[in-house]
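Written out below as structure tokens is the structure these notes cover.
A short reminder: the numbers here are calculations on the coordinates, not readings from a lab. The structure presented is a predicted model; accordingly, all values stated were derived computationally and were not measured. Backbone-built Cβ (ideal geometry, glycine too); neighbour counts: all protein chains shown.
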Amino acid sequence: MKKHSMPVMKEGGVNVTPLIDIVMCLIIFFMLVTKIGVSRGEDKDIALPSAIIGKKIEDLGNTLTLNVHNSTLDEPQITTMIDSKVKEIKLIDRIGGKTDRPLERVLKEFKQTHKEKSKVIIRADKDLPYHHLEQVLVTIATAGIMDTAYETKEGAEATEVAVPATPQ
């Protein structure tokens, strides 16, 4: 009976070409699957209000982030990410006697694109007057988006609120 032995290696080493092919396929796979450096358009310059009680937003899918800045005008300054670029959007735009509502239009397009799963996250400046925030909330409701969240920072810097004692 003939004894079988391993063939003689003529290259003098291990062939790593298949290993390199597999590593390249894994690199491409992970590049396609992971979300590295994905921005949702938040403005880091906004001083967020503090909250003691809150719920962390786990699912950021189908969300639109609105950055609401304090402004000296009658309406707040709003920025959001549209077409992978952060752009300023006005609540009301009056051009040539016509009134346009750019924020409402953007929100309706967003809702139409994402159907019933659309959510809006509001990042408002802590010094923003409420009537400015109210204008944004009314516009969101008019656009038909029902899921709205407010982004705040954790309560470590929250100030204590004094509650007056009830008279006896």
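Some notes on this structure:
- When peptides 125-131, 20-26 are ranked by their average number of other Cβ atoms within 10 Å per residue, the highest-first order is 125-131, 20-26.
- With the highest mean first, a sort of the peptides 143-152, 50-59, 80-89 on other beta-carbon atoms found within 10 angstrom per residue produces 143-152, 80-89, 50-59.
- Normalised by 2.2 N^0.38 Å, where N is the number of residues, the C-alpha radius of gyration of the stretch 63-154 stands at 1.05.
- Derived scalar couplings between HN and Hα for the stretch 94-105 equal 9, 10, x, x, 9, 10, 10, 10, x, 5, 5, 5 Hz in order, rounded to whole Hz, by the Karplus curve 6.51 cos²θ - 1.76 cosθ + 1.60 (θ = phi - 60°), x for Gly and Pro.
- Checking the Cα-Cα distances for LYS85/LYS115; LYS98/LYS126; LYS55/LYS108 against a 29 Å cut-off, the pairs over it are LYS98/LYS126.
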